[in-house]
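Below is one structure; the comments refer to it alone.
The values are calculated or read from the model by the stated rules, or taken from the named source; none is laboratory data. For clarity, every value in this text was computed on a predicted model and none was experimentally measured. Neighbour counts run over all protein chains shown; Cβ positions are idealised from the backbone, glycine included. These accessible areas exclude ligands, DNA and RNA; they are computed on the full protein's heavy atoms, side chains included. Shrake-Rupley method; radii C 1.70, N 1.55, O 1.52, S 1.80 Å.
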Amino acid sequence: MIGIPLSHILIFSLLLFAIGVYGALVRRNIIGILISIELMLNAANINLIAFSKYTSLSPATGQIFAIFVIAIAATAAAVGLAIVLALYRVRKTVYTDEVNLLKW
Amino acid sequence: MPILEMAAKFGTYAVMAVILIFALGVVTLRNIFHCALCLAAALIGTAVLYVAFRAEYLAAIQILLYVGAVVTLIIFAIMLTEHLAGKTVRQNNSQSPLAIAGLLGFVALLTVVILKTPWPVTQTALKAKVSVMALGEALMGTYVFPFEVISIILIAALIGTVVIAKKDAPEERL
Amino acid sequence: MNIFGSGVFQGMMVTLKNFLTSYFRKPDEGGIFTVQYPEEREKAIENFRNFPFLVYDGSPEQIRCVACGICERECPPKCIHIEMALDVVGKPARKPTVFDIDYGLCMNCGICEEVCPFDSIFMDHAFEVTAPERQISLVRPKKALLKSNEYFQKIRPTLAAVIDQKRKTAEEKKKAAIQPPATSESK
Amino acid sequence: MTKILEFIDSIFVAAKAWILCLLGHFLPAWIVVLVSITISGVVILCLGPVIMMYLTLLERKLIGRIQNRYGPNRVGIWGLLQPIADGIKMFTKEDIVPANADKVIHLLAPIAIVVPALMIFLVVPFGKGMTTVNLNIGLLYFIAVSSITILPIFMGSWASRNKYSLLGGMRTAAQMISYEIPMTLAVVPAIMMSQSLATNAIVLAQAGGHGLNWFIFTPWGIVGFIIFFLCATAECNRPPFDLPEAESELVAGFHTEYSGMKFALFYMAEYMNAFTLCGIAATLFLGGWQGPFLPSWLWFFGKTFILICVMIWFRGTFPRFRVDHLMAFAWKFLLPLTLINILLTALWQFTSNLAAWCGSILVLGISLWTLVKLNRTFVPEKRHYPLES
Amino acid sequence: METTEVLKNTDATQILEINFGPQHPSTHGVFRMTVQLDGEKICGLKPVFGYLHRNHEQIAENLPYAAIMPYTDRLDYVNALANNFGYALTIEKLAGFEVPERAEYIRVIMAELARIVNHITVIGFMLNDLGAFFTPLLYAFRERERILDLFEEITGSRLMNNYFRFGGVKRDLTNENLAAIQKIVSKFPAFLKEFEALLTKNEILCMRCQNIGILSGETATNAGITGPVLRASGVNYDIRKVDGYSIYNRFDFKIPLGEKGDVYDRFYVRVLEIRESLKILEQALTKIPQGEIINKKSLPLLKMPRNFKPPVGEAYGRVESPKGELGFYVVSDGTPQPWRYHVRAPSLINLTVLEEMCLGQKIADAIIILGSIDIVLGETDR
């Protein structure tokens, strides 16, 4: 690990984040969007660990924030998927552009 | 054993590349089930990366929570909503060229910023190894308040999910 | 009141008992009762009936069957076929030339053994009847069905004894019937 | 005498060290490191399948004896070559892939299920100094890896496009998730008492008192062991929790559409899971490789062997749970019991042994009584059958 | 009902239609159920059978009366003696033969032994469906083998007995046979105790079987259900008591009734019925008189079955087979072959309520409910 400069890791997590954003913007399937959001949160996590490893004096803080981020991601996924299920039960579709009626 | 260090360095770069490929897979594949599996692979890849960062505890947590629970949840959702036949439908909406252009600009800007700023890298931190004991003390010591808040959020999400996903009782159906 | 896990625990004790007794007990008190078939065989049960066979006394020519056709008529699945033999003059000789049973059709119900007035057809013990291929027909010609009376006594001791006894008394009665007219003539 | 025992005890560790120093003479240092990693890797790779093969034979023999019949005894004396015969049969069997199945994932599922099963072997402490990789988060690694097995089962059931396997896949996932939580919580007391996650440290914490310091001889140890063992049987889909491949209902659950070598891989993963889970149960509660004078690895394999025989005994005796009973049993019965178990460990830690024993029996009695009262469905109803003329 | 129609009354995300096809490990024989599932819950079930139809009644109409007896073995192949008993009773009612005392006792003994064989087999297979990996089944088969060896000694074949004749039985019970029956009857309670210890109070079994597939007495009587399934719903109807055919009214035995009519009751009523049959066997073994075993008038029929021409008319004889009321309806027009021959199969009629019991239950229960009704496809499809 010693050989890798910090900037390489940051660029890597930036790319990962960009792919996540692209997925969220372009996907028609709601579950596809949720998956991309997971990817973005994951990229943020890598950044946290990299900074805690390379810069901060007490490396534990980075890891604890990463744990909190994972917990939040889990709750977001759970609630998001519950909404998707409820939507599917009523409208039988999972595609964002088909859910355009404000009332049903 | 300089060779082993060099091998480790290349190993890490290889893992990063693999993660990026799987991430691309997540975004572009047609069949949503394949996307979920690519996500799982990408997450396991980041767990391997954490091991390379000397954060084994977090790697285990990542596998346990992310791959074990979140991806399974996503797959459950896919199974419940996807018709067994799985008809091939256009997966991407029309804004993809616009999105790609915007993102490329965003990435270019940030890479310049990353390369320019002098990050305060301290040599001591590289050697330091975080033991699980230290993590436990920090979690229970300085960060006990966010720890409690997180548990409240988790319970709230739990109840919320159950209420939304529960089949409405017949009479108050819309 | 029995505690929550007691039923489950009892069940496990039963299987444990059977596991242990299978090592020590004799076959019918909970020991192992499997018979290693090709090497060891079950004790043959006398009254067991499988495919029918024809009985002859002495040599295959003295076949008991007189080709009367009762069993052919009474057989439920109609699997017996008999043709009467004609002697040199052309008169029906009381012997079958063709007597074949289609083992594929026969359901070994034992009715032919019951209705046969001449004690010539009985149910066999041989159950390992196989054919090399599916297509060849399972019709057994007369020569395959013929078995000696000694074989019949070997597989069915009690029944054979009764039948032989009956035939011997019938013989004496017939001989006695022939004798008296002869003695009456000689007087 | 003790010297010979010491020698036998560390025979494997000494053998590896000897090979390494032999190679060390004419190979550069870094290659020796690689060789040592490959040696332990190869040992696991061949240990896993061999254990699986002879577990299948052991199972068929034991179940045969429970049912008063011999197990397989035609291939080799006492059927010892039967696993090899099964292996050859599995190789030669035709590998059918259903027509509209998802080819890639259909192939990937069996591979993805064997990998975690093998990865758990890293953490199992076979003997003194014989844990393959002495991770300081050993147990957490074990729980994390055993939680991955849900994914390949999903892949297997979804890719074979068959209604039975889909139902089997959904049932397995629900069962695995709901039994993972009581299992993790049942492990918590053992970790607290040995103050470390590393499996080796847990075993060392149970040393001394010639065998009386094992965790199972404490109130919370017994409860923890029973819960852990039940969750272990549920985790590797063995009866009475073998719902996913319930022959009578779902034909063969998620591996209905697999044949030949792929089916063998599913089969191998199940048995290796059973072995490692029994190994971990022995490590956590039965004092791993602690034992008076026999070599340490013999103790470990002996204890795991006994636990596996108990699992096989379960298979021969119990009917199968239904899906909702399975879930209710995990969430409403085992989970509260594990939380109470953590209470018992606190009692054990801060009061004298005797007080802890009485206190815990009291607490256990009350909690069991209330739990049984709450879960009315588990208690069999009393029925009377009138005999009329 | 069609899937769309089912979809309306349940707000299920997707109705899954599954075929528990003729080729399935736990439908006792060739039987198909098309099941509509909402997740695990059953919202539609249609039994489909006929895969084992062998044209039994048409064959019987082209055969002389005595030649039909071996075919009746093939109806309910688990216990052939009950079928023989029914057919023999019907023809005796048609032709007016009396059956000598000793033959009546032999008939009752053989029928009760067949009932025990059937009940243990049913319990064994039902637990096999529950998932107990063949252990109770093999314990049951160990006892069943002993009785089947006895059948082989007496009737000539283990399953296809063909033992009853009009006006009596084909072969007499020798003293060794009686001693063997006595040995079996005396050793059976020990096996039953062990079997019950393994199963009756087993929590998992009770959880899986209690309050599942409840059949109320009233719907059972409306649907014409008979046998242990009806008695488990609490209705006291046993043909041995109602008709008192043959010499059953000389023995005192009780009829066990169930309380709720669920799968557990059907299982336990059969265990109690085995106990009652053992009681009958003990009484019959002590009171069996000497004498011939076939009616003088029908003796020549043994030799020349072809010219047996019963008087013109019809007869319906019924017997309490272990599955329910097994009836034979024979119309004769004076010729040696019956003009019309019909069998009332209890398995077929007990199957009509399968859907009503399974609605709302899970799939795993559908299999056990089917197992608890105890159908044999040979009898259902004829």
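With (1) under 29 Å from D:Pro239 (Cβ atoms); (2) away from chain D (no Cβ under 14 Å); (3) in contact with a Pro (Cβ under 8 Å, 6 or more places away or on another chain) as the list, and E:Ile123 as the residue in question, which single condition is left unmet?
Going through the list (1) under 29 Å from D:Pro239 (Cβ atoms); (2) away from chain D (no Cβ under 14 Å); (3) in contact with a Pro (Cβ under 8 Å, 6 or more places away or on another chain), E:Ile123 breaks only (2).
Condition check ((1) touching a helix residue (DSSP H, G or I) at 6+ places or on another chain (Cβ under 8 Å); (2) open to solvent by less than 40 Å² (accessible area, probe 1.4 Å); (3) polar (S, T, N, Q); (4) in a helix (DSSP H, G or I)) across all residues:
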{"position": "A:Gly3", "(1), (2), (3), (4)": "yes, no, no, no"}
{"position": "A:Ser13", "(1), (2), (3), (4)": "yes, yes, yes, yes"}
{"position": "A:Ile35", "(1), (2), (3), (4)": "yes, yes, no, yes"}
{"position": "A:Leu81", "(1), (2), (3), (4)": "yes, yes, no, yes"}
{"position": "A:Val90", "(1), (2), (3), (4)": "no, no, no, yes"}
{"position": "A:Leu101", "(1), (2), (3), (4)": "no, no, no, no"}
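Collect the residues in region E:74-88 that are under 23 Å from E:Pro336 (Cβ atoms) and either among the hydroxyl-bearing types (Ser, Thr, Tyr) or crowded, with 24+ Cβ neighbours inside 10 Å (or both), keeping them in residue-number order.
Of the residues in region E:74-88, the ones under 23 Å from E:Pro336 (Cβ atoms) are E:74-75, E:83-88.
Those that are under 23 Å from E:Pro336 (Cβ atoms) and either among the hydroxyl-bearing types (Ser, Thr, Tyr) or crowded, with 24+ Cβ neighbours inside 10 Å (or both): E:Leu75, E:Asn83, E:Asn84, E:Phe85, E:Gly86, E:Tyr87, E:Ala88.
Go through region E:257-271 and report how many residues are surrounded by fewer than 23 Cβ atoms within 10 Å (Cβ to Cβ) and facing chain D (nearest Cβ under 8 Å). So that I can check it myself, show each step before the final result.
Filtering region E:257-271 for residues surrounded by fewer than 23 Cβ atoms within 10 Å (Cβ to Cβ) gives E:259-260, E:268, E:271.
Then keep just the ones that are facing chain D (nearest Cβ under 8 Å); that gives E:259-260, E:268.
Number satisfying all stated conditions: 3.
Could you grab me the full set of residues in region B:13-46 that are in a helix (DSSP H, G or I), more than 9 Å from chain A (Cβ to nearest Cβ) and either under 11 Å from the mean Cα position of the chain (by Cα) or touching a residue at least 60 places away in the same chain (Cβ under 8 Å) (or both)?
B:Ala40, B:Ala41, B:Ile44, B:Gly45 - these are the residues of region B:13-46 that are in a helix (DSSP H, G or I), more than 9 Å from chain A (Cβ to nearest Cβ) and either under 11 Å from the mean Cα position of the chain (by Cα) or touching a residue at least 60 places away in the same chain (Cβ under 8 Å) (or both).
If you take the residues of region C:29-77 that are among the charged types (D, E, K, R) and loosely packed, with under 12 Cβ neighbours inside 10 Å, which of them is modelled with the lowest pLDDT? Don't jump to the end; show me each part of the working.
Within region C:29-77, the first condition is being among the charged types (D, E, K, R), and the residues that meet it are C:29, C:39-43, C:46, C:49, C:57, C:61, C:64, C:72-74.
Now drop any that are not loosely packed, with under 12 Cβ neighbours inside 10 Å, which leaves C:29, C:39-43, C:61.
Details: C:Glu29: 74, C:Glu39: 83, C:Glu40: 84, C:Arg41: 83, C:Glu42: 82, C:Lys43: 82, C:Glu61: 83.
The qualifying residue modelled with the lowest pLDDT is C:Glu29.
When region D:158-168 is examined, which residues are found to be at the interface with chain B (Cβ under 9 Å from one of its Cβ atoms) and part of a helix (DSSP H, G or I)?
Just the residues of region D:158-168 that are at the interface with chain B (Cβ under 9 Å from one of its Cβ atoms), to begin with: D:158-159, D:161, D:163, D:166.
Matches in region D:158-168: D:Trp158, D:Ala159, D:Lys163, D:Leu166.
Checking the condition within 14 Å of chain E (Cβ to nearest Cβ), of a type in the set (D, E, K, R) and surrounded by fewer than 17 Cβ atoms within 10 Å (Cβ to Cβ), which residue from D:Arg60, D:Arg69, D:Arg74, D:Arg65 passes? Explain how you work it out, then say what you get.
Details: D:Arg60 fails: surrounded by fewer than 17 Cβ atoms within 10 Å (Cβ to Cβ); D:Arg74 fails: within 14 Å of chain E (Cβ to nearest Cβ); D:Arg65 fails: surrounded by fewer than 17 Cβ atoms within 10 Å (Cβ to Cβ).
Result: D:Arg69 is the single residue among D:Arg60, D:Arg69, D:Arg74, D:Arg65 that is within 14 Å of chain E (Cβ to nearest Cβ), of a type in the set (D, E, K, R) and surrounded by fewer than 17 Cβ atoms within 10 Å (Cβ to Cβ).
For region E:315-381, give me every one of the helices (runs of 4 or more DSSP H) that falls completely inside it and has 2 or more residues that are among the basic types (Lys, Arg). Steps first, please.
On the way: elements: E:346-350, E:354-358, E:363-373, E:377-381.
Those helices (runs of 4 or more DSSP H) do not exist here; none qualify.
Test E:Gly327 against the criterion of being over 28 Å from E:Lys187 (Cα atoms), over 20 Å from the mean Cα position of the chain (by Cα) and among the small types (Gly, Ala, Ser), and give yes or no. Lay out the reasoning, then the answer.
Numbers: over 28 Å from E:Lys187 (Cα atoms): yes; over 20 Å from the mean Cα position of the chain (by Cα): no; among the small types (Gly, Ala, Ser): yes.
Criteria not met by E:Gly327.
Would a scan of region A:9-29 turn up a residue that is more than 7 Å from chain B (Cβ to nearest Cβ), closer than 27 Å to B:Glu5 by Cα and either in contact with a Ser or Thr (Cβ under 9 Å, 6 or more places away or on another chain) or modelled with pLDDT of 85 or more (or both)?
The answer is yes; a qualifying residue exists.
Could you tell me which of the residues A:Ala43, A:Ala74 is open to solvent by less than 40 Å² (accessible area, probe 1.4 Å), facing another protein chain (nearest Cβ under 7 Å) and of a type in the set (A, V, I, L, M)? Break it down into steps so the answer makes sense when it comes.
On the way: A:Ala43 fails: facing another protein chain (nearest Cβ under 7 Å).
Sole residue among the options that is open to solvent by less than 40 Å² (accessible area, probe 1.4 Å), facing another protein chain (nearest Cβ under 7 Å) and of a type in the set (A, V, I, L, M): A:Ala74.
Evaluate the following for E:Leu301: is it hydrophobic (A, V, I, L, M, F, W, C), modelled with pLDDT under 90 and either in a helix (DSSP H, G or I) or in the same structural domain as E:Ile369 (by TED's automatic domain parsing) (or both)?
It is true that E:Leu301 is hydrophobic (A, V, I, L, M, F, W, C), modelled with pLDDT under 90 and either in a helix (DSSP H, G or I) or in the same structural domain as E:Ile369 (by TED's automatic domain parsing) (or both).
For region D:228-274, give me the residue count where each residue is assigned to a helix (DSSP H, G or I), touching a Pro at 6+ places or on another chain (Cβ under 7 Å), modelled with pLDDT under 85 and closer than 26 Å to D:Asp102 by Cα. Let's see the steps before the verdict.
Here is the first cut: in region D:228-274, the ones assigned to a helix (DSSP H, G or I) are D:228-235, D:247-250, D:253-255, D:261-274.
Right, trim to touching a Pro at 6+ places or on another chain (Cβ under 7 Å) and you get D:231, D:247-248, D:253-254, D:262, D:265-266, D:268.
Subsequent filtering for residues that are modelled with pLDDT under 85 retains D:247-248, D:253-254.
Still in the running and closer than 26 Å to D:Asp102 by Cα: D:247, D:253-254.
Adding up the residues that qualify gives 3.
Test each condition in (1) under 28 Å from D:Ala234 (Cα atoms); (2) over 20 Å from the mean Cα position of the chain (by Cα); (3) surrounded by 20 or more Cβ atoms within 10 Å (Cβ to Cβ) for D:Leu108 and report the one that comes out false.
All conditions are met except number (3).
In the same structural domain as E:Thr72 (by TED's automatic domain parsing), closer than 27 Å to E:Leu359 by Cα and either without any contact (Cβ under 8 Å) to a residue 24 or more places away in the chain or open to solvent by less than 30 Å² (accessible area, probe 1.4 Å) (or both), is that true of E:Gly168?
No: the conditions fail for E:Gly168.
In region E:171-211, which residues are free of Cβ contacts under 8 Å to residues at least 40 places away in the same chain, outside any helix (DSSP H, G or I) and within 14 Å of chain D (Cβ to nearest Cβ)?
Of everything in region E:171-211, those that are free of Cβ contacts under 8 Å to residues at least 40 places away in the same chain, outside any helix (DSSP H, G or I) and within 14 Å of chain D (Cβ to nearest Cβ) turn out to be E:Lys201, E:Asn202.
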